[in-house]
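Quick notes on the structure that follows.
The values are calculated or read from the model by the stated rules, or taken from the named source; none is laboratory data. Small disclaimer: the values here were computed from a predicted structure and weren't measured. Heads up, the Cβs are rebuilt from the backbone with ideal geometry, glycines too, and the neighbour counts pull from every protein chain shown. The accessibility values were calculated without ligands, DNA or RNA, using every heavy atom of the protein model including side chains. Shrake-Rupley method; radii C 1.70, N 1.55, O 1.52, S 1.80 Å.
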Amino acid sequence: MRYNVQNRNDEISNQLTANFHRLAADRGMKFDEEAPEVVVSIGGDGTMLHAFHKYSDQLDRISFVGVHTGHLGFYADWQADELEQLVNLMAGTKLPDSITPRIVQYPLIELEIVSEHGLEKYQVLNEFTLKGVDGTLVAQIDINDQIFEMFRGDGICISTPSGSTAYNKSVGGALIHPSIEALQIAEIASINNRVYRTLGSSLILPKHHHCDIYSSKTQRLILSLDHLTIAVDQLQSIRCAVSAQKVSFARFRPFPFWNRVKQAFIGQGFQ
Ligand code: NAP
């Protein structure tokens, strides 16, 4: 198996990475930064986002695995002290017949952004946000080519199902199981009064729908794409839809999504 490791570059992640390479070499695995089959993220969810964007042009043939080193680790199935067990499973040694990696695929969002930078296409694993730099964001939101609302407020957060537990959750959006191919549009502090009106709650679009955002005036905007940010001064439009492509995670043992949610947000101590 060809693999690469993406890590958070702190002391513990660097140490685990060195251990991983040693254990992998002992088991005949081949380090390959250019064309790995599996990318192991060692750190937190932010590390997985970096790994995803680094290999976003090879998603059709790469699977990701997460090892977390102390942070939340929503995308990470493995603890630091389970590294050898993970490498054994990856290398296929000491495998009972029943344990084979299962590939779990999660939906992504594709974006087409038209601005002074021209037409740019992106895919995001967590979410995309749009905010004004100098104050209130004013933007027209169309759904399936019909005007839906004129948004005024701090910003808009459009998330994938696996990203629904990230920024989307902080702004009151619902958590969506990643087997549901959908995107969620959540408001960030919208202005609602007799003059200005938005829906006021988040909404969920199915795979065959799309959403367009038009900036209503020349305003300086900040776009975030997962952990990346882009400044845009003359936005024409942003089209978002559920991507035709998905991201693959290699699961060497079951870790159901709702267990992940419970572990991350409720903890084990509360019944
Ligand atoms: P960061 O500000 O260093 O970390 C943001 C936090 O979000 C970390 O605790 C991270 O977990 C967690 N996180 C990331 N993806 C998640 C997911 N799918 N489910 C649950 N939690 C998740 O930023 P970063 O590490 O570069 O990550 C960028 C992400 O931060 C963005 O995609 C956005 O979702 C999130 N963010 C959230 C807010 C907010 O909630 N108000 C504001 C800005 C950005 P780890 O500790 O395991 O890395």
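Note on the chain: dipole from Cβ charges, positive end direction compared against Asn259, Val114, Leu183; the farthest Cα belongs to Asn259. What residue among Lys246, Lys54, Lys207 shows peak mean-square fluctuation when the chain is described by a Gaussian network model with Cα springs under 10 Å? Residue with maximal mean-square fluctuation among Lys246, Lys54, Lys207: Lys54.
Accessible area per residue was computed with a 1.4 Å probe on protein heavy atoms; Asp26 scores about 110 Å².
Using a probe of 1.4 Å, the accessible surface attributed to Arg2 totals some 80 Å² when neighbouring protein chains are kept in position. Amide H contacts under 5 Å for Arg220: Val133, Asp134, restricted to partners 5 or more places along the chain or on a different chain, H placed in the peptide plane at 1.01 Å from N. Rolling a 1.4 Å probe across the protein heavy atoms gives the chain an accessible surface of 47 Å² per residue. Surface composition of the range 108-244: carbon plus sulfur atoms hold 49% of the accessible area, using a 1.4 angstrom probe and ignoring ligands, DNA and RNA. Rolling a 1.4 Å probe over the protein heavy atoms leaves Ile222 with an accessible area of roughly 60 Å². Expressed per residue, the C-alpha convex hull volume of the chain stands at 146 Å³.
About its Cα centre, the chain has a charge dipole of approximately 560 debye under the convention of +1 per Lys or Arg Cβ and -1 per Asp or Glu Cβ, with nothing else charged. Label-to-label distance, Arg220 versus Arg253, with points set 7 angstrom from Cα along the beta-carbon direction: 5.1 nm. The amide H of Val5, built 1.01 Å from its N in the peptide plane, has Val40 as neighbours under 5 Å, considering only residues 5 or more places off or on other chains. Past 18 Å, Cα to Cα: identify those pairs from Lys54/Lys121; Lys131/Lys246; Lys54/Lys246; Lys169/Lys262; Lys207/Lys246, in the order given. Violating the 18 Å Cα-Cα cut-off are Lys131/Lys246.
Residues whose amide H falls under 5 Å from that of Arg251, counting only those 5 or more places apart or on a different chain, are Arg102, Ile103, Val104, with hydrogens built in the peptide plane.
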